[in-house]
1. Among the residues of the stretch 49-67 satisfying the criterion of being within 30 Å of ASP32 (Cβ to Cβ) and outside any loop (DSSP other than H, G, I, E, B), which is modelled with the lowest pLDDT?
2. Identify, by number, the condition in (1) modelled with pLDDT under 85; (2) out of contact with any Leu (no Cβ under 7 Å at 6 or more places or on another chain) that GLN18 doesn't meet.
3. Within the stretch 69-84, which residues are under 13 Å from VAL108 (Cβ atoms) and surrounded by 12 or more Cβ atoms within 10 Å (Cβ to Cβ)?
4. Going by the conditions given, is ILE31 part of a helix (DSSP H, G or I), surrounded by 13 or more Cβ atoms within 10 Å (Cβ to Cβ) and touching a residue at least 24 places away in the same chain (Cβ under 8 Å)?
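The values are calculated or read from the model by the stated rules, or taken from the named source; none is laboratory data. Since we're looking at a predicted model, the values are computed, not measured. All Cβ positions, glycine included, derive from the backbone under ideal geometry; neighbour counts span all protein chains shown.
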Amino acid sequence: MLPRRFGIRRPCLLETDQEKHRRRLAVETLIDSIARECLTDDERYELFKKYARRPTRIPNWEIRRLLVAAMDAEPNTSASALGKRLYQKHGRKAGQSPDAIAQHIRRVKKEREKQHRFLSRMRSKSLLNSIDPTNS
């Protein structure tokens, strides 16, 4: 209801890029004008600074692929030894330090084990249900 009060249409799947741009521009203008009317300069600065933050950490899939490949190539190697080896071979591309790489390897191993347990549990349940539908 609120956007209609200000003459702004709701988002639509069939809208063109130009309509989307106009709608976003109208919202930005409205927010800016409300902030100018209701807040001081310092309050406005703090408010916009709060919403302008970007996520500080994003997953790096290249490093993850590198770690998974190394773990698959040497499955019985400890995380610290693998971290040292990767740091010597790839330097900072693999991580900030051998200890950081080892910690990342442990995290990836834990995630993979958790996923494996979940999948095996789901397979066993579906197998039991296919054998005996009353068993759930």
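1. So the residue we want is TYR51.
2. The failed condition is (1).
3. Residues satisfying the conditions are ALA70, MET71, ALA79, LEU82, GLY83.
4. no
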